[in-house]
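A.B. asks: Below is one structure. I have some questions about it.
The values are calculated or read from the model by the stated rules, or taken from the named source; none is laboratory data. Nothing here was measured: the structure is a model prediction, and the numbers come from that model. We place every Cβ from the backbone using ideal geometry, glycine too, and count neighbours over all the protein chains shown. These accessible areas exclude ligands, DNA and RNA; they are computed on the full protein's heavy atoms, side chains included. Shrake-Rupley method; radii C 1.70, N 1.55, O 1.52, S 1.80 Å.
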Amino acid sequence: MNKDTELFERIRQQFDFEPYPNTPLEASPEYNINELYIHNLTTSYYLRNQKITQTENKLILDAGCGSGYKSLVLACANPGAKIVGIDLSEKSIELARLRLQYHGFDNVEFHALAIDELPRLNLQFDYINCDEVIYLTPDIVETLQLMASVLKPDGIIRTNLHSALQRRNYYQAQQLFKMMGLMEDNPEEMEIDIVLEIFEALKDRILLKETIKNDKYDLTNKTGVLYLKQPPKKNCGCLS
């Protein structure tokens, strides 16, 4: 097994164990104006072209859709569009299908695929949404090029990257857990419980605990601990 295959397998196992995000099935973005604005194709299209476009009959990809909450946001934000979601984790895909069905969206489809398998779909997309994903891939540039290869000539990719400075608190925590032997494999219940106990035992004024708990990913749940497992990337220097 080469390094890339091993990496993808570890990521798949991780998110089969704990699909992300762990947003409740019944949660709806219907009244979250900010989320709907950000994930509306018209927003990105206008920022680029200073023109308005319609979302009717557009084909939108949610690359690395996880448990499908962002796919739901995309469906709500882009009336009449078809949403296609892909993710390495079959468990996450099952939840994504269930989520969109629960909220009454049927113009959607989900596939358990890696991003480098996108050409297998034989589709060209008007819009690709890729949140919190490409920093996990072995080569960010190659990943962007691959997504561009399945994009229509006038299409748009919306994605993000983390900066090394932004994630420095997580890197510090990773060093601590590595010293304790908790970073060798994907975390199971025992490793997660140990990490949670450590952070609960730390005094609130400890900088590492204070800053991480104030970050987007809370260390009081499994998702936060899993997020800590993501290693630094040499090509991860761009700001989100």
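A.B. asks: Regarding the range 146-206, what whole-number volume in Å³ per residue does the convex hull of its Cα atoms give?
C.D. replies: Once divided by residue count, the hull of the range 146-206 is 163 Å³.
A.B. asks: Between the range 48-85 and the range 159-181, what is the separation of their alpha carbon centroids in Å?
C.D. replies: Result: 31 Å between the Cα centres.
A.B. asks: Which whole-Hz couplings ³J(HN,Hα) result when phi for each residue of the range 68-82 is put into the Karplus expression 6.51 cos²θ - 1.76 cosθ + 1.60, θ = phi - 60°, listed in order with x for Gly and Pro?
C.D. replies: x, 5, 5, 4, 5, 4, 4, 5, 5, 7, 10, x, x, 7, 9
A.B. asks: Rounded to a whole number, what % of the accessible area of the range 115-162 do carbon and sulfur atoms account for, probe 1.4 Å?
C.D. replies: 51 percent
A.B. asks: Continuing with the same structure: Viscosity 1.002 mPa s, temperature 20 °C: what is the translational diffusion coefficient of the range 84-138 from Stokes-Einstein with a Kirkwood Rh over Cα pairs, rounded to a whole number of µm²/s?
C.D. replies: Values: Rh = 12.3 Å.
D = 174 µm²/s.
A.B. asks: One-quarter of the Cα convex hull surface for the range 40-86, in nm²?
C.D. replies: 3.1 nm²
A.B. asks: Within a Cβ distance under 13 Å of residue 145, other residues only, what is the Lys/Arg minus Asp/Glu net charge?
C.D. replies: Within the 13 Å Cβ shell, the charges total -3.
A.B. asks: Return one whole number: the accessible area per residue of the range 79-181 in Å², for a 1.4 Å probe.
C.D. replies: Normalised by residue count, the accessible surface of the range 79-181 is 48 Å².
A.B. asks: Computed on alpha carbon atoms, what radius of gyration and Dmax characterise the range 1-147, expressed in Å?
C.D. replies: Expressed in Å, the Cα Rg and Dmax of the range 1-147 come to 15.1, 48.
A.B. asks: Residue 112: net charge of surrounding residues, Cβ under 12 Å, Lys/Arg +1, Asp/Glu -1, itself excluded?
C.D. replies: Details: positive: 12, 91, 97, 120; negative: 16, 87, 90, 94, 109, 117.
Around residue 112, the surrounding residues sum to -2.
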